[in-house]
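Chemist: Here you go, one structure.
Any read-out appearing in this document is the output of simple, stated calculations on the displayed coordinates, not a laboratory observation. Bear in mind that the values here come from a model prediction, so they are computed numbers and not experimental data. Cβ coordinates were reconstructed from backbone atoms using ideal geometry, including for glycine residues, and neighbour counts include every protein chain displayed.
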Amino acid sequence: MAENLPEHPDFLWRTPEPRRSYDVVVVGGGGHGLATAHYLAKNHGITNVAVLEKGWLAGGNMARNTTLIRSNYLWDESAAIYEHALKLWEGLEEDLGYPILFSQRGVLNLAHTEQDVRDSVRRVEANRLNGIDAEWLSPDEVAKICPIVNVSGDIRYPVHGATYQPRAGIAKHDYVAWGFARRADEAGIDLIQDCEVVGFETDGDLVTRVRTTRGDIACGTVALCAAGHTSVLLDMLGVPAPLQSHPLQALVSELLEPVHPTIVMSNAVHVYVSQAHKGELVMGAGVDSYNGYGQRGAFHIIERQMAAAVELFPMFARAHLLRTWGGIVDVTPDASPIVGHTPYANVYLNSGWGTGGFKATPGIGWCLADTVAHGRPHPYVAPFALDRFTTGALVDEHGAAAVAH
Amino acid sequence: MQLIECPYCGPREEVEFHYGGQAGVAYPADPAALTDEEWGRFVFVRANPKGRFEERWSHAAGCRRWFTAVRDTATYRFSR
């Protein structure tokens, strides 16, 4: 058999042994960690960096998300960081020199109630004030953009209209991670897989060493990019944070002809759908209710999602469910991330992106690298500091993010 | 879907239950004495362990009573 197999393609990155010391240790080799490494090297010339990953690169939420990219959030703080990310997405393929199949096919956020309509129109106006492309569409206009949506009045929750962001889109998540990893590796950054952080050595308000399953590593600065496992790391440091880890499930149908030209999201009936380049319908909805680190969830959540999808898209009734899976998302009380300083002077936190971290990948990588390089929060992440849960300056994005980020 | 043991009704399907998060979070005895940071922690911060977790559940579609259960957040298995 072996002689018939094609040669293994070139590896996109090295597999180095961890050195005993780095200027910057990034914990978590998912999208955010890899993007942070890339921008540390590219924007700041910081290359004595290790990215520690307990499994394989980009094998957590980066491998499991539904790849939606948009920036139509309500508040100025969110609009700034997500729009910064979207602008980076628009030039990312060139920056990485790697195809990421970024397809700006637009997103429709459906409104099903009078309150939905009021909230949506408000969000459109807020988006416009922030220079973000946004439109309010009537049901007829929705049908023009996405003919397969059922906009008739005889369904349980009729479509009263939708917000539309034409620049929103999808990208190939694996390629994004590989592109960032390749660039970081080329710059000399060590991407270390199968290396789990099991503790921290501290001296006063500094973390001096990161203990890992592959030995202790001395560190100048630490950036935590561990998504659903952030609480596990913070517990080692004795830092309380308002994070709760939940299973979030997604699923795909069998491969279909191109039938779905855009992205459709509905908070009210709990489903969102796009069609991947290959042809699968990619769908997701809300988190499972209980705390969980199991990377799987309950089937009744999927069933509810499918009921909503078939109601909105009657033609989906004949599609077959091919595969479901789950990731672990760290959600916060205000559905906004927690980024910035920790009680340890040389440890920076990047967490709480909940169900919507993928779209932020280049934006947060850029801002976290800048934060690490300058030792202060980048202006775009400053509003998302941990201390907002003391001051009360929350950034409540439940309206734009709740079910489907 | 898994079966959850309601202490009053016996094992029932997961869809009948409502999740209530960490158990044993007491209202502060003297709320006015708390600093802003302590109050913020009481309002917003809950334990989020990977492993054994004592948590509140309500048999919402059954007897509607609340109870405390012990579950492993990595395996989702109930132990009590």
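Chemist: If you average the sequence gap of Cα pairs under 8 Å that are 6 or more apart and divide by the length of the range B:3-79, what percent do you get for the contact order? Intermediate values should be presented prior to the final figure.
Modeler: Working: 103 pairs, mean separation 24.1, N = 77.
Here the relative contact order equals 31 percent.
Chemist: Using alpha carbon coordinates only, what is the Rg to Rh ratio of the protein assembly as shown, with Rh defined as the Kirkwood radius?
Modeler: On the way: Rg = 22.6 Å, Rh = 23.4 Å.
My calculation puts Rg/Rh at 0.96.
Chemist: Shifting gears a bit: Give the share of C-alpha pairs in each 10 angstrom bin for the range A:120-208, from 0 to the last occupied bin, in whole percents, shortest bins first.
Modeler: 13, 21, 19, 16, 20, 10, 1
Chemist: Let me ask something else. Report, to the nearest 10°, how far helix A:76-90 tilts away from the longest principal axis of the Cα atoms in chain A, using its own Cα long axis and a range of 0 to 90°.
Modeler: Tilt relative to chain A: about 80 degrees.
Chemist: If you don't mind, there's one more thing I want to ask. Rank these for me by crowding, A:Leu12, A:Leu57, A:Leu40, going from fewest to most other beta carbons within 10 Å.
Modeler: Working: A:Leu12 16, A:Leu57 24, A:Leu40 30.
Ordered from fewest to most neighbouring Cβ atoms within 10 Å, A:Leu12, A:Leu57, A:Leu40 come out as A:Leu12, A:Leu57, A:Leu40.
Chemist: Between the helical axis of A:173-186 and the dominant principal axis of chain A, each derived from Cα atoms, what acute angle in degrees is found, rounded to the nearest 10?
Modeler: Approximately 20 degrees, to the nearest ten.
Chemist: Tell me, what ³J(HN,Hα) does each residue in the range A:245-250 have, in order and in whole Hz, if you take phi through Karplus 6.51 cos²θ - 1.76 cosθ + 1.60 with θ = phi - 60° and put x for Gly and Pro?
Modeler: Residue by residue, the range A:245-250 yields 8, 10, x, 10, 9, 8 Hz.
Chemist: Based on other C-beta atoms within 10 Å, arrange A:Thr390, A:Thr262, A:Thr36 from fewest to most.
Modeler: Working: A:Thr390 17, A:Thr262 21, A:Thr36 32.
If I rank by nearby Cβ atoms, fewest first, I get A:Thr390, A:Thr262, A:Thr36.
Chemist: In nm, give the distance between the simple-model label positions of A:His277 and B:Tyr27, each being 7 Å from the Cα along the Cα-to-Cβ direction.
Modeler: 5.6
Chemist: With both partners inside chain A, how many of the DSSP beta bridges are antiparallel, as a percent to the nearest 5? Intermediate results must be reported in sequence, preceding the final value.
Modeler: Values: 47 of 66 bridges.
Restricted to chain A, the bridges split so that about 70 percent are antiparallel.
Chemist: Counting helices only, and only those DSSP H runs with n ≥ 4, report the 222 nm mean residue ellipticity of chain A as the sum of -39,500 (n - 2.57) divided by its residues, in deg cm²/dmol to the nearest 500. Don't skip to the answer; put the middle values down first.
Modeler: On the way: 11 runs with 115 residues, N = 405.
Value at 222 nm, helices only, nearest 500: -8500 deg cm²/dmol.
Chemist: Which whole-number percent is the relative contact order of the range A:97-216 (Cα, under 8 Å, 6+ apart)?
Modeler: On the way: 163 pairs, mean separation 35.9, N = 120.
Reported relative contact order: 30 percent.
Chemist: Suppose a student asked you for the relative contact order of chain A, using Cα pairs under 8 Å spaced at least 6 residues apart; what percent would you report? Don't jump to the answer; show the numbers that get you there.
Modeler: Numbers: 942 pairs, mean separation 94.4, N = 405.
The value is 23 percent.
Chemist: In addition: With the alpha-carbon atoms as the only input, what is the per residue convex hull volume for the range A:80-164 in Å³? Don't skip to the end; give the middle numbers.
Modeler: Values: hull volume 9.2 nm³, N = 85.
In the range A:80-164, the Cα hull volume divided by residue count equals 108 Å³.
Chemist: Per the Debye formula with a single identical scatterer at each Cα and no solvent contribution, what log10 I(q)/I(0) holds for the range A:336-405 at q = 0.14, 0.25 Å⁻¹?
Modeler: Log10 I(q)/I(0), no solvent term: -0.42, -1.20.
Chemist: Please list log₁₀ I(q)/I(0) at q = 0.11 Å⁻¹ for the range B:3-79, using the Debye equation with identical point scatterers on the alpha-carbon positions.
Modeler: Each listed q corresponds, in turn, to -0.36.
Chemist: Taking Cβ-Cβ under 4.7 Å as the only way to count a partner, pick out the unpartnered cysteines of chain B.
Modeler: Lone cysteines by the Cβ rule: B:Cys63.
Chemist: Among A:Leu88, A:Gln115, A:Tyr73, whose Cα lies farthest out toward the positive end of the dipole of the range A:71-165, if unit charges sit on the beta carbon of Lys, Arg (+1) and Asp, Glu (-1)?
Modeler: Value computed over the given set: A:Gln115.
Chemist: Something else now. What's the magnitude of the charge dipole for chain A around its Cα centre, counting Lys and Arg as +1 and Asp and Glu as -1 at the beta-carbon? Answer in Debye, nearest 20. Don't jump to the answer; show the numbers that get you there.
Modeler: Working: 30 positive and 45 negative charges, 34 e Å.
Rounded to the nearest 20 debye, it is 160 debye.
Chemist: State the answer as a single residue: which of A:Leu233, A:Gly220, A:Asn150 lies farthest towards the positive end of the charge dipole of chain A, with beta carbon charges of +1 for Lys and Arg and -1 for Asp and Glu, about the Cα centre.
Modeler: Of the listed residues, the answer is A:Asn150.
Chemist: Alpha carbon centre of the range A:280-328 versus the range A:128-180: separation in Å?
Modeler: Cα centres, the range A:280-328 to the range A:128-180: 19 Å.
Chemist: Got a sec? How would A:Glu257, B:Glu55 order by Cβ neighbour count within 10 Å, fewest to most?
Modeler: Working: A:Glu257 7, B:Glu55 21.
Lowest to highest Cβ neighbour count: A:Glu257, B:Glu55.
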